[in-house]
Amino acid sequence: MPCFCEKNDRTELRVEADVAADPVWCHRCSCNLELEDLPLSKKLRTELMNWVLRYGEWIDWDHDDRLVPGGLVLETAHNKEGKRLTERMQQELGADFRVVFRSSVFGWLMYRKPVPAEAVYSLYGILPIYPPWLLSM
Ligand SMILES: [Zn+2]
């Protein structure tokens, strides 16, 4: 499946978990890519799929998308695992590719007060989007 980039040049990749998506994205155009299309070992592909299927274990979907008890710990562990898998993917793909990891920040954004945007950016590489109710806490 081609991405939206000109020439379909998929050498900058991002590992990021989301619901019902393969865990790899084109880092330039944010198109979701199919793991099958990448030259990865079967073992790593399986581990990546198992990892993405566990995305959201910390979210209580039935109750206004709140965190489940101990959710922050689950999310942090999932992020750690994701980072580890990203490093292995980089190793398998080699120097022709650049693979970055984007953490899930769901619990972090839900249960902590807003911090300066620069702090979030240095931690996660993205700018925070705070829900309005959090800002008035
Ligand atoms: Zn692209």
*Taking interchain pairs and intrachain pairs at least six residues apart, which have beta carbon atoms under 8 angstrom, with the first residue in segment 58-87 and within 18 Å of residue 101 (Cβ to Cβ) and the second aromatic (Phe, Trp, Tyr) and modelled with pLDDT under 90?*
58/106; 74/58; 75/58; 75/106; 75/108; 78/58
*May I ask you to list the residues in segment 42-78 that are modelled with pLDDT of 95 or more and more than 17 Å from the chain's Cα centre (by Cα)?*
42, 43
*When segment 19-36 is examined, which residues are found to be within 16 Å of the ligand (Cβ to nearest atom) and either touching a Pro at 6+ places or on another chain (Cβ under 8 Å) or over 17 Å from residue 85 (Cβ atoms) (or both)?*
26, 28, 29, 30, 31, 35
*If you check residue 115 against the conditions, is it surrounded by 12 or more Cβ atoms within 10 Å (Cβ to Cβ), at pLDDT 90 or above and of a type in the set (Val, Ile, Thr)?*
no
*asked:* Here is a list: 16, 75, 57. Which entry is more than 16 Å from the ligand (Cβ to nearest atom) and either of a type in the set (Lys, Arg) or surrounded by 18 or more Cβ atoms within 10 Å (Cβ to Cβ) (or both)?
replied: 75
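The values are calculated or read from the model by the stated rules, or taken from the named source; none is laboratory data. For clarity, every value in this text was computed on a predicted model and none was experimentally measured. Backbone-built Cβ (ideal geometry, glycine too); neighbour counts: all protein chains shown.
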